[in-house]
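The structure appears below as structure tokens.
Every number in this text was worked out from the coordinates using simple rules, so none of it is lab data. Bear in mind the structure is a predicted one, so any value in this text is a computation, not a measurement. Note that we place each Cβ from the backbone using ideal geometry, even for glycine, and neighbour counts take in every protein chain shown.
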Amino acid sequence: MPSLIDNEILQIFFEEGRQTLDELETGILSLDSGSIPQDSLQSKLDEMFRHAHNFKGSSAAVGFEQLTHLAHAIEDLLTLIKSGHIEPNQPHCSAILRSIDALRKILIGLSTDSTYQAPIDHHIAELRAAITDNSISPGSTSKEHLTSDNPPPTQKVEAKVKTPSEKSDNPKSAEDKSIRVNTIKLDGLLNLIGELVVNQSMMISHRVNSTTGSDHAVQTLAYIEKIVLELQSLAMTLRMVPIKPLFQKMSRIVRDVSVQLSKEVAFQTEGDHVELDKIVLDRVTDPLTHLIRNAIDHGLETPSDRSAAGKNTTGVVSLAAQQQDDRILITVRDNGKGLDAEVLKKKAIQKNLISPESATSMSDEEAWNLVFLPGFSTKENISDISGRGVGMDVVRKAVTELKGDIRIRSKKGQGTTFEIALPLSLSIIPGMIVSVDQENYVIPVSQLVEIIELQKFDVHTSTQKGRMINLRGEVIPVHSLSELLHSGNRTIISRKNSATRPNAEYRPAIISRRQGKKFACEVDAIVGQQQIVIKKLGSEIQTMAGILGGAVLSNGEPSMILDLTSLPGLNTVNLRALASSNDKRIPSEDRHEPSKSA
């Protein structure tokens with residue numbers, strides 16, 4: 001009688017199965033692109049074969065016949081390729097990649113339903129056709145055996161998966177429920193917890209003996225504080241995973257889209273060792289997918305157009321990641337035709353997204369940002385890849401929801417670069433605490449460019465442009481954070497006494513950046529910096545623009561975490577004339593005497 005497979009063993013199978021398929025896919029993509037050096041080609045082919053063979057064996061061991069059959073067909077084709085009887089080509093790689101996609105789909109289905117079935121006959125037929133269509137030299141493995149739909153006999157056991165009534169309340173698949181953690185990190189975590197327990201015992205002893213005010217007790221508290229900080233830092237790294245699997249997924253997308261569009265594309269990556277919070281990594285996948293597809297479809301020219309422009313017929317799309325303090329910068333770059341600001345303006349006017357008057361005063365960078373408008377597309381014909389006017393607006397929305405920022409850089413005829421800046425973690429962030437109207441607020445350090453003393457600058461006022469300062473040759477607008485917080489009848493924040501300032505002579509201002517342009521927010525005082533644990537707020541508050549979440553400050557008081565870049569008051573300010581101006585001087589007709597009050 002077949003034995004039952006424990007759910008824990010099945011979860012291990014699903015996790016290892018996904019990783020095996022990822023590694024197999026990476027190898028096939030390298031084989032298809034011809035990037036494997038000739039001297040290591042055989043070893044790479046052997047490695048791909050082992051991945052397919054191991055996946056087949058594991059699937060048979062837990063009784064998943066569909067996985068076993070399809071993996072066996074992949075194994076047969078790889079057997080002939082690695083033995084030299086078949087010269088691998090693009091159709092062979094395409095057939096294997098499509099079969100890998102089918103295996104992934106079945107894995108996801110089986111992780112929640114042990115009876116899940118998916119059509120695989122056409123995938124097996126495609127793999128068999130790839131074998132049949134190639135001549136096999138005499139003495140090679142029997143073709144009849146290779147094309148048999150029956151895999152070699154294996155010992156099968158019955159798989160037991162949770163029934164719908166037994167499933168967890170979490171609707172996500174098993175892929176989202178587990179994460180691999182380096183044992184070195186776990187050992188460090190256990191060591192810190194052990195030290196914390198020892199020092200806790202010391203403090204209990206001091207409390208019992210009424211010696212909590214002794215020097216030793218003070219030293220123990222200081223050491224506990226140090227341990228807690230180390231625990232916090234280490235705990236944050238437990239959810240950090242390498243970005244490499246995401247880069248591998250993008251490599252597959254580049255390959256499929258380039259084949260579909262008949263474009264020659266070289267894909268380059270850099271910084272795949274960078275680690276990112278698992279939640280951030282999962283949610284940034286779709287935005288990157290859109291950017292990569294658009295880079296190939298919109299950015300890169302056809303081989304004939306590139307040749308006519310004096311370029312290499314093979315276009316280049318690069319994906320890079322690097323850590324900058326508490327943020328990660330992801331860059332998608334192509335060496336295509338670049339963005340034409342005038343074409344973008346005309347298309348936006350044609351679609352009634354902007355007025356001709358506003359287009360006249362637009363800078364190139366503002367014109368580039370038109371691609372983020374819902375419904376905007378420069379494609380005349382709708383295809384499976386683009387032309388519907390959706391995609392780029394989804395990208396900006398997703399990046400914004402991740403508390404990130406996206407910028408565009410482009411040069412006509414040379415290419416376009418998209419830069420996405422994201423927080424490393426969505427749970428704990430470094431925050432700057434500021435005081436406004438006798439209330440403390442938190443501003444993420446990632447949104448701070450610098451802090452200035454506003455009283456040291458000449459503040460000029462213009463009827464149309466509001467207050468401005470000249471910051472090292474750059475004219476930027478100045479806003480009152482108090483006014484921004486209380487604009488639009490924001491009833492959730494109470495203004496205690498906006499007329500009272502702790503020091504009228506000292507006027508600090510936070511310099512931040514919105515859509516690549518700097519602006520200043522005047523505050524009453526800078527309280528200090530603190531590691532902030534982000535707390536969720538009620539839905540009626542969480543959805544309000546300009547609020548990222550809640551926090552508990554070091555003094556135990558609650559506070560709100562602000563998003564300076566999305567405060568409603570900024571939307572009503574004409575930043576365009578300031579940001580797009582090439583003249584760094586304040587126009588003479590707008591000059592006024594330095595402001596003497598806040």
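Starting with the fewest neighbours, write out Val259, Val197 ranked by other beta-carbon atoms found within 10 Å of each beta-carbon.
Taking fewest neighbouring Cβ atoms as first place, the list is Val197, Val259.
With a/c under 1.5 counting as rounded, go ahead and sort region 262-423 into rounded, prolate or oblate using the C-alpha gyration tensor (a ≥ b ≥ c being the square roots of the eigenvalues; past the cut-off, prolate if a/b is larger than b/c, else oblate).
Oblate.
Among Cys521, Cys93, which comes first, then next, by fewest other beta-carbon atoms within 10 Å?
Least crowded to most crowded, the residues run Cys93, Cys521.
Using a simple spin-label model with points 7 Å from Cα along the Cα→Cβ vector, what separation in nm is obtained for Ile12 and Glu230?
3.2 nm
Counting only residues 5 or more places away or on other chains, whose amide H sits under 5 Å from the amide H of Leu537 once H atoms are built in the peptide plane?
Correct list: Gly550.
How big is the charge dipole of region 183-238 about its Cα centre, in debye rounded to the nearest 20, if each Lys and Arg gets +1 on its Cβ and each Asp and Glu gets -1 on its Cβ?
Rounded to the nearest 20 debye, it is 100 debye.
Give me Rg/Rg_expected for region 1-123, where Rg uses Cα atoms only and Rg_expected = 2.2 N^0.38 Å with N residues.
1.09
Karplus couplings for region 75-83 from phi (6.51 cos²θ - 1.76 cosθ + 1.60, θ = phi - 60°), rounded to Hz, Gly and Pro as x?
Taking θ as phi minus 60°, the curve returns 4, 4, 5, 5, 4, 6, 5, 6, 7 Hz for region 75-83.
From the backbone phi of region 396-404, what are the Karplus-calculated ³J(HN,Hα) couplings (6.51 cos²θ - 1.76 cosθ + 1.60, θ = phi - 60°) in whole Hz, Gly and Pro given as x?
Per-residue couplings from phi come out as 5, 5, 5, 5, 5, 5, 8, 6, x Hz.
Kirkwood Rh over alpha-carbon pairs of region 183-238, then Stokes-Einstein at 10 °C and 1.306 mPa s: what D in µm² s⁻¹, rounded to an integer?
Translational D for this selection: 133 µm²/s.
Per-residue HN-Hα couplings for region 345-355, Karplus 6.51 cos²θ - 1.76 cosθ + 1.60 at θ = phi - 60°, whole Hz, x for Gly and Pro?
Whole-Hz 3J(HN,Hα) from phi for region 345-355: 4, 4, 5, 5, 5, 4, 8, 6, 8, 9, 8.
Evaluate E = 1/(1 + (r/R0)^6) for Gln322 and His216, where r is the Cβ-Cβ distance and R0 equals 45 Å; express this FRET efficiency to the nearest 0.05.
The value I calculate is 0.50.
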